[in-house]
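So the structure is just underneath, and the comments pick up after that.
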Ligand SMILES: NC(=O)c1ccc[n+]([C@@H]2O[C@H](COP(=O)([O-])OP(=O)(O)OC[C@H]3O[C@@H](n4cnc5c(N)ncnc54)[C@H](OP(=O)(O)O)[C@@H]3O)[C@@H](O)[C@H]2O)c1
């Protein structure tokens, strides 16, 4: 894979092109904070934004999109249906609400945020309907492990195009990545920087010094060289720019091996098998 810019894309199994790199906006406050960070990202060349109904910042994300001046069709907007809407059988209403808050006519990717037991298959049927109606360009899941994907695929008419999961050097998810690759499901990393906790890791810092880059840049480059879509979050313009400045260096096979060796199946977030929210 020869990546040249943060606008480079992966092609999902339905032919839709999704940028390898985007901005995450979890815990970014509705209002000035979300508006400024999304605008700064688009100005820096980002084309993908990852939000969710849960984040309660879809209105500001939508406003930033409008004020950015970049044509809608050049952007790739992801949002997600929250667990309570799965439990209440209000997935369709939740989608309409998200779309309205974003001020958009379609979203590029709609995700099932978590695999809510006894509900996710029903949720998936609604997403399939939205996809068939052309209201979303792609549909996918988030936080699904192999067992849950197999269970979903047993009844799905349309295979998810994406699975967004916690993924970083301490949780590199080799089996899940292999499974998804075989199924043509694009893997996307949330918490790629371990929510900021990995930036002082000695092995990563040593690689950063050697490449004259930051630790965050080394991790994000590792994502791309492993064909992992990545969406680091920052509300600081200089970090938004820094995180995307990863197209002028390359990790060697041995650098990648060193990072792969850091895996300890360490989660900072909940386990999809046992989460209780
Ligand atoms: N599907 C899901 O269940 C799920 C769950 C969690 C997250 N996500 C998505 O994935 C995105 C990314 O994950 P995340 O936000 O949890 O964590 P993350 O991107 O791994 O880390 C974000 C943290 O790192 C800091 N940071 C970012 N760039 C930095 C840099 N260059 N140097 C130093 N610190 C830096 C940020 O602080 P500042 O903002 O102060 O710069 C923030 O505290 C989310 O925003 C969200 O869109 C999805």
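The values are calculated or read from the model by the stated rules, or taken from the named source; none is laboratory data. These numbers were taken from a predicted model, which means no experiment stands behind them. Backbone-built Cβ (ideal geometry, glycine too); neighbour counts: all protein chains shown.
Rundown of residues vs (1) part of a loop (DSSP other than H, G, I, E, B); (2) within 16 Å of the ligand (Cβ to nearest atom); (3) within 20 Å of the chain's Cα centre (by Cα); (4) on the phi > 0 side of the Ramachandran plot, yes/no style:
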site: 94; (1), (2), (3), (4): no, yes, yes, no
site: 100; (1), (2), (3), (4): no, no, no, no
site: 125; (1), (2), (3), (4): no, no, no, no
site: 160; (1), (2), (3), (4): yes, yes, yes, no
site: 175; (1), (2), (3), (4): no, no, yes, no
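Of 27, 36, which residue is within 12 Å of the ligand (Cβ to nearest atom), part of a helix (DSSP H, G or I) and either modelled with pLDDT of 95 or more or over 15 Å from the mean Cα position of the chain (by Cα) (or both)?
Just a single option satisfies the conditions, and that option is 36.
Filter segment 137-148 down to residues that are surrounded by 22 or more Cβ atoms within 10 Å (Cβ to Cβ) and not in a loop (DSSP other than H, G, I, E, B), then give me how many there are.
Residues that pass the stated criteria total 5.
Test each condition in (1) over 22 Å from residue 42 (Cα atoms); (2) away from the ligand (no atom under 11 Å from the Cβ) for residue 144 and report the one that comes out false.
(2)
Search segment 13-44 for residues being surrounded by fewer than 20 Cβ atoms within 10 Å (Cβ to Cβ) and touching a strand residue (DSSP E or B) at 6+ places or on another chain (Cβ under 7 Å), and hand back the single one that is nearest to residue 160 (Cα to Cα).
In this case the residue turns out to be 14.
Is it the case that segment 251-266 has a residue that's buried (at least 22 other Cβ atoms within 10 Å of the Cβ) and either near the ligand (Cβ under 8 Å from one of its atoms) or under 26 Å from residue 40 (Cβ atoms) (or both)?
No, segment 251-266 contains no residue that is buried (at least 22 other Cβ atoms within 10 Å of the Cβ) and either near the ligand (Cβ under 8 Å from one of its atoms) or under 26 Å from residue 40 (Cβ atoms) (or both).
Find all pairs meeting these conditions: Cβ atoms under 9 angstrom apart; at least six residues apart or on different chains; first residue within segment 191-215 and more than 6 Å from the ligand (Cβ to nearest atom); second residue at pLDDT below 95 and not in a helix (DSSP H, G or I).
none
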